[in-house]
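The values are calculated or read from the model by the stated rules, or taken from the named source; none is laboratory data. Here the structure is a predicted model, which is why all the values come from computation and not from measurement. Quick reminder, even Gly has a Cβ in these numbers, built from the backbone with ideal geometry, and neighbours come from all protein chains shown. Protein only, heavy atoms only, side chains kept; ligands, DNA and RNA dropped before computing areas. Shrake-Rupley method; radii C 1.70, N 1.55, O 1.52, S 1.80 Å.
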Amino acid sequence: MARYIGPVEKIERRFGVSLDMKGERRLAGKCALNSRKYGPGQHGQSVGKISEYGLQLREKQKAKFMYGISERQFRTIFNEAHRIEGNTGENLIKLLEQRLDNVVYRMGFASTRRFARQLVTHGHILVDGKKINIPSFVLKAGQKVSVREKSINNKQIIRSLELTRQTGIVPWVDVDESKFCGIFTRLPNRDEVVIPVEERLIVELYSK
């Protein structure tokens, strides 16, 4: 399955939760999920019983859509999480949070992960002073992420930083807004990553 590029609010309505896929509209309370609390389509308001497999698949899809990655990428990340010592589910979330596009979003340089991915691929982002245009680049603790000098006047980046003041910065990054840069200080603890995903069900799905 290729990466989804369609209407993001339809996806959030399907799952009934915010996946942080809409930035300014979500913060303004204008997202469709607030006004139409049911699934999209003709049968969106009908509620059927979901099987155990359906629940597991649902959690995997939520994670995929939230972080904006394809099925193949997600499977690769899961295999790496399983290989690493420790809890596979927690490792999975940590690896997703280490992606460069996600860290750009977490630092507030982008209002959504989709916009963060665009900034990375278009060469607006530097890692330790070097241009990295690969969204899946995995950051290590202590690495510096910055907006290149030619892009610091980008109105969308400035607006994203303004919006981030409303939501706050996660504790595993240290951001200097005045210099348009930040440090990925450490890996997050699972209880610090507030996302509507039960990774335990994803592990069960792939363990079959």
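Between their Cα atoms, which of LYS64/LYS144; LYS150/LYS179; LYS130/LYS179; LYS64/LYS140; LYS10/LYS62 are more than 18 Å away from each other?
Beyond 18 Å between Cα atoms: LYS64/LYS144; LYS64/LYS140.
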Inter-part gap, Cα centre of segment 47-95 to Cα centre of segment 131-208, in whole angstrom, is 19
From Cα pairs below 8 angstrom and at least 6 apart in sequence, can you work out the relative contact order of segment 67-208, rounded to a whole percent?
24
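Quick one: accessible area per residue over segment 90-208, 1.4 Å probe, rounded to a whole number of Å²?
Numbers: 5870 Å² over 119 residues.
Per-residue value: 49 Å².
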Please compute the modelled spin-label separation between LYS155 and SER136, points set 7 Å along Cα→Cβ, answer in nm with one decimal.
3.5
So what are the three principal axis dimensions of segment 121-208 from its Cα atoms, in whole Å, longest to shortest?
49, 28, 23
When N is the residue count of segment 169-208, what does its C-alpha Rg come to as a fraction of 2.2 N^0.38 Å?
1.69
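With a Förster radius of 30 Å, plug the Cβ-Cβ distance of HIS82 and LYS10 into 1/(1 + (r/R0)^6) and report the FRET value to the nearest 0.05. Please list the in-between numbers first.
Details: r = 32 Å, r/R0 = 1.05.
Efficiency computed from Cβ-Cβ geometry: 0.40.
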